[in-house]
């Protein structure tokens with residue numbers, strides 16, 4: 001039979017337990033909007049002698065949904081980075097009077113006008129100015145691509161530094177989790193922190209996680225290299241590499257100092273997206289632009305060198321001959337001396353008609369319909385249109401992919417929130433429940449007090 | 001059942017409002033710019049086709065400019081040829097009058113003076129300029145084609161072609177008249193006559209009071225007139241070709257402009273309709289967000 005003292009002990013345990021439970025509810029409610037906070041749930045157990053106590057403070061979690069959030073964060077990070085880069089690039093290829101296509105049109109138009117009066121110095125000067133304008137459009141386009149590559153490269157450097165901060169923090173939190181008693185408020189706080197760090201890390205690089213029995217979390221990069229293992233974090237090192245045009249190569253450096261080049265393995269997260277943007281997408285457009293500049297310069301020079309200037313001299317180039325396809329757009333320019341000597345422009349087809357002939361000019365004009373671009377498959381205008389379409393398609397595809405990845409990330413966040421988030425309604429219901437239980441515990445103590453009074457008044 | 005938390009609800013509300021604002025911003029951009037495709041990613045295929053149509057439009061513009069300049073040059077040549085014809089008509093009238101045996105030596109001297117004047121006028125006509133170019137100078141248009149003392153400055157047999165210009169897709173038209181065909185005696189064309197020399201010959205025969213020779217000059221002046229007239233006719237044909245090319249370029253320009261507008265430009269009614277829809281969606285999103293974030297057990 002329970003003594004009056006035992007009854008008091010039961011009442012006291014009820015008060016203490018439900019007060020603690022109300023404390024947990026208060027913490028949940030206060031952190032309803034805290035990013036990365038997972039709901040705590042009180043688990044009670046009966047004590048010997050019929051009292052009650054806190055068995056554990058459980059933290060809601062879902063490793064399955066967590067993995068989906070990490071994966072979708074990486075996808076969104078990659079596509080968002082590529083979409084932003086493409087938006088910046090396509091701004092330089094918007095159809096306008098200053099676009100490459102319009103400038104080529106203007107050059108051909110100036111040649112047609114000159115063909116009506118080939119000896120006119122002003123018209124000759126205009127053709128050369130239009131040709132220069134074409135070369136500037138190419139070099140501007142090449143410079144815009146280089147700028148965007150440099151911008152992506154600089155962002156990679158900053159983000160790699162952030163990855164190293166995050167992995168170091170995760171390793172530190174791993175150590176704290178292992179040291180903390182399981183299923184306690186302290187352990188829950190460490191797990192919240194680790195989850196927040198992992199979410200941010202997944203936005204930067206694609207990772208997968210493997211929980212260990214001691215509560216620590218192993219973080220792996222794509223390809224299986226360990227970024228964090230227990231309390232040890234590897235670091236990413238970004239080093240300018242001549243093989244990448246001076247852009248940063250990413251090495252994974254482990255605790256022993258051994259380095260592994262992972263540049264090609266990083267394809268998710270904003271770092272992976274920027275590497276793909278820098279090394280594949282933008283490099284591809286730069287190659288296309290170089291090829292078109294090379295083909296234009298070569299074709300125009302081929303015709304122009306067969307003609308004669310007003311001085312009766314032939315064999316001159318209109319554009320500076322490109323040495324190679326590489327960097328042909330950046331180095332695209334009008335041949336040396338041409339700007340200062342408009343008479344050098346070869347309009348005539350033979351020396352005898354050097355002053356007023358326009359045969360070579362008509363042959364140059366005919367290049368507008370000649371398949372001199374795209375490896376001999378399309379016209380200059382067709383090549384520019386193809387380039388614009390390709391840039392537009394890539395930009396749109398990345399924007400659409402970023403939108404889809406963002407929606408998927410949002411859905412996974414919703415799922416994650418539904419698993420781990422705080423619902424004010426639930427907390428208020430639990431608050432009322434625990435308040436009632438607390439009042440019931442107090443009533444036990446009041447009742448025991450009355451029983452004591454009754455005994456003492458005998 | 002899926003748990004729905006307040007944090008999740010507010011996140012969704014924010015997302016809905018942000019999405020509505022993005023659509024509103026896009027609709028505003030279309031309405032303000034008047035362009036459905038303002039950057040390649042708006043519609044990559046349309047942007048590429050728009051570029052090709054832009055090229056065709058610019059080419060049609062260029063052909064218009066070329067044909068207009070060519071016409072202006074041809075008009076100058078045609079006027080000069082017409083005036084040359086008038087000169088030769090007057091010379092022929094004088095030759096016919098002076099071939100009559102009743103004419104006195106003094107009258108023929110007076111006629112010789114007038115023919116000398118006609119000859120100078122003819123030289124000026126052969127040296128007619130359009131802007132800074134001599135229109136009958138073959139290709140070397142900065143050099144006077146005819147010198148009264150030395151004759152033609154270029155080899156009229158070697159250079160009889162006329163400058164051509166592109167006035168349409170794969171269409172070139174001669175934009176001048178041939179001085180050698182109109183005024184010169186060419187080895188390649190038996191029967192052709194040096195028009196200035198014909199007038200000089202007439203003037204000499206008038207001065208010499210040689211009625212028989214003057215009679216013979218009537219035929220040579222007539223031949224010269226027909227030679228000039230033939231080139232004038234060819235020039236007229238070229239002008240007609242240019243007019244047709246100009247008309248085709250004008251039509252092509254209108255067609256390409258319309259096609260490009262259909263591709264790139266936004267329909268005003270549709271743009272404003274979309275803008276209104278986006279504005280209403282934005283208002284609805286904000287209103288719903290305010291209501292979603294409201295009720296909870298705290299309100300009871």
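Taking B:81, B:12, B:125 as the candidate residues, the one with maximal mean-square fluctuation in a Gaussian network model of chain B, Cα springs under 10 Å, is B:12.
GNM, chain B, Cα, under 10 Å: largest mean-square fluctuation among B:51, B:21, B:238? Result: B:21 has the largest fluctuation of those listed.
When both the range A:25-60 and the range B:104-122 are represented by their alpha-carbon centers, they are found 128 Å apart. With runs of 4+ DSSP H residues as the only contributors, calculate the mean residue ellipticity of chain A at 222 nm using -39,500 (n - 2.57) per run, divided by the residue total and rounded to the nearest 500. That comes out to -20500 deg cm²/dmol. Helix B:195-207 versus the longest principal axis of chain B: what is the Cα-based angle in degrees, 0 to 90, to the nearest 10? For helix B:195-207, the angle is close to 30 degrees.
Divide, for the range B:51-260, the radius of gyration over alpha carbons by 2.2 N^0.38 Å, where N is the residue count.
1.26
Taken residue by residue and averaged, Cβ atoms of other chains lying within 10 Å of the Cβ of A:92-105 number 4. Calculated on the alpha-carbon coordinates, the convex hull of chain A measures out at 157 cubic angstrom per residue. Listing A:73, A:26 from fewest to most neighbouring C-beta atoms within 10 Å gives A:26, A:73.
Okay, helix-only estimate at 222 nm for chain B: each DSSP H run of n ≥ 4 adds -39500 (n - 2.57), divide by all residues, round to 500 deg cm²/dmol; what do you get?
For chain B, the value works out to -24500 deg cm²/dmol.
Just checking the listed ones, B:227, B:119, B:93: in the Gaussian network model of chain B with Cα springs under 10 Å, the one fluctuating most is B:93. Determine the distance separating the Cα centre of the range A:281-357 from the Cα centre of the range B:200-243; give it in Å without decimals. The distance from the Cα centre of the range A:281-357 to that of the range B:200-243 comes to 48 Å.
For chain A, take the longest principal axis of its alpha carbons; what is the angle in degrees between that and the long axis of helix A:380-420, to the nearest 10 within 0 to 90? So the helix axis and the longest Cα principal axis differ by about 0 degrees. The angle between the Cα long axis of helix B:44-99 and the longest principal axis of the Cα atoms of chain B comes to about 20 degrees, rounded to the nearest 10.
Readers should treat all values here as calculations from the given coordinates under stated rules, not as data from a laboratory. All figures in this text were calculated on a predicted structure; none of them were measured in a lab. Neighbour counts run over all protein chains shown; Cβ positions are idealised from the backbone, glycine included.
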